[in-house]
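In what follows, a structure is listed as structure tokens, so that the remarks can point back to it.
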Amino acid sequence: MNLIKKIQENIFRYELFERGGKIVVGCSGGPDSVCLLDALHELQKKYNLELIVAHVNYKLRKKDSDKDEALVKKLVEKYELPIEILHNPEYTIQDTNLEEKLRTYRYAFFEKISKKYKANAIAVAHNLNDQAETVLLRLLRGTGLRGLGAMSFATQRGPSARPKRNADGPRIIRPLLNIPRKEILAYLLKKKIPFRVDKTNLTSDFTRNKVRNKLLPYLEKNFNPRVQDLLFKFSKSAAADYDFISRYSAAWLAENQSLRVSELNSLHPAIRREVLRQALAPKGALRGKTVPDLREIESGHIEEIIKILKSSKNKKQKISFKGLKMERIGDRLVIEKSENQSSNVK
């Protein structure tokens, strides 16, 4: 099956978009996003799509960043598509977690453009290699089942969003998610489509680059040449398992909003952890956000709450973190906003 047919299969199987839809296509100028743009352009008439290209020039690589932009403009001119460009968002090279900060700028820009054009979806070029890297990174950081699900073919934007769940914002679609980078490069080579290579990806200065350039090749050579495909399948299985746990927990929480300690303690540990995570979300107290980002709630925070649920002490017990305060009062767990951002157990 060639690459275009694989993408069509993904569109059908995962219902990525409907005919006649509007799609914002994120294009950096690298091989993955150039392949995505060309493939969607190939399918544009078949699905009656309106495509809008979005590019971010961080100026991070100076002249090379400008060359990336020039290439994307040339492709867009060839395809006769509209383009929106964000130049030099505010950041410094010394920013902590620069990669995540730039990602935040990028997706905020994509969403802004999607609202401007009233788009149905935002297409990004994550592929099989990216998925494998993300799974390994999250394993190394000690993630739980929720994190092991990594990326999905289609995800609704929002802090607690899962595929197919209704939420504010456009859907993020990843038509290339099960396609390895070697097939992407072969597609571009066959069609003689130019692309740019970010030389920083070839170094091992960042953790992701170490996983990409050292760990994955080592695992493929010494353990299993199909390790990326296996990690992808593992991620899909984890996502399905978490989806079940998440839906069951949401249903339980809807019927047990009083959060009785005795009832929480009777739940299976996996369900109890997810119920607690979801119970925190609507409080909207994390760093003053209207809706908190559940990625900021770590497994250690949940375990601290479970400790006070399991405690046999009769006195009131409190715990606070990330702008939330949890207090056990008799057989009830009460969750409120707190001005205290640091973790504290009493």
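For region 203-236, give me the residue count where each residue is among the hydroxyl-bearing types (Ser, Thr, Tyr) and either in contact (Cβ under 8 Å) with a residue 40 or more places away in the chain or in contact with a His (Cβ under 6 Å, 6 or more places away or on another chain) (or both).
Of the residues in region 203-236, the ones among the hydroxyl-bearing types (Ser, Thr, Tyr) are 203-204, 207, 218, 235.
In the following step, the residues that additionally are either in contact (Cβ under 8 Å) with a residue 40 or more places away in the chain or in contact with a His (Cβ under 6 Å, 6 or more places away or on another chain) (or both) were identified as 207, 235.
Here the count works out to 2.
Looking only at region 88-105, decide whether some residue is surrounded by fewer than 19 Cβ atoms within 10 Å (Cβ to Cβ) and at pLDDT 90 or above.
Initially, region 88-105 is screened for residues surrounded by fewer than 19 Cβ atoms within 10 Å (Cβ to Cβ), giving 88-105.
With the extra rule that they be at pLDDT 90 or above, the set shrinks to none.
Looking through region 88-105, none of the residues is surrounded by fewer than 19 Cβ atoms within 10 Å (Cβ to Cβ) and at pLDDT 90 or above.
Give the residue, chosen from Leu139, Leu98, Leu145, Leu102, that is touching a residue at least 60 places away in the same chain (Cβ under 8 Å), among the aliphatic types (A, V, I, L, M) and on the phi < 0 side of the Ramachandran plot. Walk me through it before giving the result.
Working: Leu139 fails: touching a residue at least 60 places away in the same chain (Cβ under 8 Å); Leu98 fails: touching a residue at least 60 places away in the same chain (Cβ under 8 Å); Leu102 fails: touching a residue at least 60 places away in the same chain (Cβ under 8 Å).
Of the residues listed, the single one that is touching a residue at least 60 places away in the same chain (Cβ under 8 Å), among the aliphatic types (A, V, I, L, M) and on the phi < 0 side of the Ramachandran plot is Leu145.
I'd like to check something: does region 62-85 contain any residue that is modelled with pLDDT under 85, open to solvent by less than 90 Å² (accessible area, probe 1.4 Å) and either under 22 Å from the mean Cα position of the chain (by Cα) or within 21 Å of Lys199 (Cα to Cα) (or both)? Show your work before the answer.
Start the filter on region 62-85 by keeping residues that are modelled with pLDDT under 85, which leaves 62.
Checking the rest, the ones that are also open to solvent by less than 90 Å² (accessible area, probe 1.4 Å) come to none.
No, because not a single residue in region 62-85 is modelled with pLDDT under 85, open to solvent by less than 90 Å² (accessible area, probe 1.4 Å) and either under 22 Å from the mean Cα position of the chain (by Cα) or within 21 Å of Lys199 (Cα to Cα) (or both).
Looking across region 237-267 at every residue that is of a type in the set (Ser, Thr, Tyr) and free of Cβ contacts under 8 Å to residues at least 60 places away in the same chain, the one that is nearest to Asn178 (Cα to Cα) is identified as Ser237.
Does region 298-312 hold any residues that are of a type outside the set (A, V, I, L, M, F, W, C) and without any contact (Cβ under 8 Å) to a residue 60 or more places away in the chain, and which are they? It would help to see each step written out before you state the result.
At the first step, the residues of region 298-312 found to be of a type outside the set (A, V, I, L, M, F, W, C) are 298-301, 303-304, 307, 310-312.
Across region 298-312, the qualifying residues are Glu298, Gly300, His301, Glu303, Glu304, Lys307, Lys310, Ser311, Ser312.
Taking region 315-339 as the range and being closer than 13 Å to Val261 by Cβ and outside any strand (DSSP E or B) as the test, the residues that pass are Lys316, Gly330, Asp331. Tallying residues that are at pLDDT 85 or above, open to solvent by less than 20 Å² (accessible area, probe 1.4 Å), closer than 19 Å to Arg247 by Cβ and not in a loop (DSSP other than H, G, I, E, B) within region 120-176 yields 0.
The values are calculated or read from the model by the stated rules, or taken from the named source; none is laboratory data. Being a predicted model, the structure only gives us computed values, none of them experimental. Heads up, the Cβs are rebuilt from the backbone with ideal geometry, glycines too, and the neighbour counts pull from every protein chain shown. Side chains are part of the model used for accessible areas, which takes the heavy atoms of the whole protein and leaves out ligands, DNA and RNA. Shrake-Rupley method; radii C 1.70, N 1.55, O 1.52, S 1.80 Å.
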